[in-house]
Structure formats: C-alpha cells, structure tokens
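The values are calculated or read from the model by the stated rules, or taken from the named source; none is laboratory data. Quantities reported herein were computed from a predicted structural model and do not represent experimental measurements. Here the Cβ is made from the backbone with ideal geometry for all residues, glycine too, and neighbour counts use every protein chain on show. All accessible areas refer to the heavy atoms of the entire protein, side chains included, with ligands and DNA or RNA removed. Shrake-Rupley method; radii C 1.70, N 1.55, O 1.52, S 1.80 Å.
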Amino acid sequence: MAELNQDSGGGKKGGKVRSKKNGGRVDLTAMVDLAFLLITFFMLTTSLNKPQAMDVAMPDKNKDWNEKQPEIDIADNRSITLLLGSDNKIAWYYGQLEKPITPPTVVDYSKEGIRKILLEKKAQVPKVAQGKDLIVVIRPSDQSVQRNLVDILDEMKITDIKRYMISKIKPEEVEVLKSNGIYND
C-alpha cells in the first residue's frame, strides 16, 4: 500500500519534552490506480503516425549495370529532362539535348518555378491514345543534394506525373549545368 508519512515535529522546543503525535496518513493507492488507468487509456486510444513513403520502382539487382546499357528512345514531344544542379537550381530542357524543342533553362524548386513548368508541359503533351502522357527524366548531378531529389519526387506526386525515371547525368549535360552557372568545379 502506498502511503504518505509526515513528521509530527516531536523534537525539543523551549526545553519541554512533548510526546510524539502520529502524523497524518494519506492512502495513495487510488491515485496510483487512476494514473495507470489514464496511461493505459491514452496508450490504447492514441493512433501512431505511420511514415509516409513513396514507392519507387528500382532496377533488377541481378543485372550487371556496369556494362553498356542501350539508350531508351523517347519521343521528343513527350519528354522533359530535369538536371539537378547546385544551389537548389534545376536546368531543364524539352526534347533531346542535341536539338531541344525548348532550350535549357534554369529554374528553382518553387511553385512558380519547376511546378509551373511541369504543369504547362503536362498540358501540352498530346493525349490522343493510351500512354501518351509526359515523361520526365530526372538526372541529379554530383553537386545536387538528397533534398533536391526528394523535392523533385514530391513535385512528381503533386503534379500527378505518372511516368518519370531517375538516371545518371551525361557529361554533355554537366556542361549545360556549367554553362548556366549551377555547377561548381
């Protein structure tokens, strides 16, 4: 049983000896029971937040990716390439780098930056047949940070772009980043 004992102060005062008085006893059992009931109640009724993760299709682990992989042909009028550079900037071009429909342009990760571009290009892509939607190629440079990749994947989710891929950046695309001032040597 839990209890609270108090000293009655039976020491010497003024030379007289007094008899000890029994201190008050408070039974704390009910309060301890109530505390455990409240803890149990809140533990059972509180829902824990589950971490939200985005599913990303990864390549097969059994393939040897060091050997030369064939280039994937993507229609020029359906593809936009995002080059993730330093200083939280993105260089993007529409079409192929050799003959782009829209030349490389630098934007940031804001609502008026890359999101506006993605929504515009998504609306431009012809949707005549099944599977004719925008394809986004994301190419992070070695100077981009992980936060940039997470931000651009969030933009894919926000703009509801279904087809995107993460790929290694090519040397000629690094030159594009350098020429636009978002790649430091």
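Brief remarks follow.
- Among the conditions (1) out of contact with any helix residue (DSSP H, G or I) (no Cβ under 7 Å at 6 or more places or on another chain); (2) free of Cβ contacts under 8 Å to residues at least 60 places away in the same chain, the only one that Asn180 does not satisfy is (2).
- Taken as a whole, the condition of being over 24 Å from Asp73 (Cβ atoms) and either among the β-branched types (Val, Ile, Thr) or in a helix (DSSP H, G or I) (or both) does not apply to Lys121.
- Some residue of the stretch 159-178 being hydroxyl-bearing (Ser, Thr, Tyr), surrounded by fewer than 16 Cβ atoms within 10 Å (Cβ to Cβ) and assigned to a helix (DSSP H, G or I): no
- Qualifying residue in the stretch 100-112 (condition: out of contact with any Lys or Arg (no Cβ under 9 Å at 6 or more places or on another chain), at pLDDT 85 or above, under 14 Å from Lys162 (Cβ atoms) and part of a helix (DSSP H, G or I)): no
- Yes/no for Val137 being hydrophobic (A, V, I, L, M, F, W, C) and open to solvent by 20 Å² or more (accessible area, probe 1.4 Å): no
- Of the residues making up the stretch 68-93, not one is more than 26 Å from the chain's Cα centre (by Cα) and at pLDDT 90 or above.
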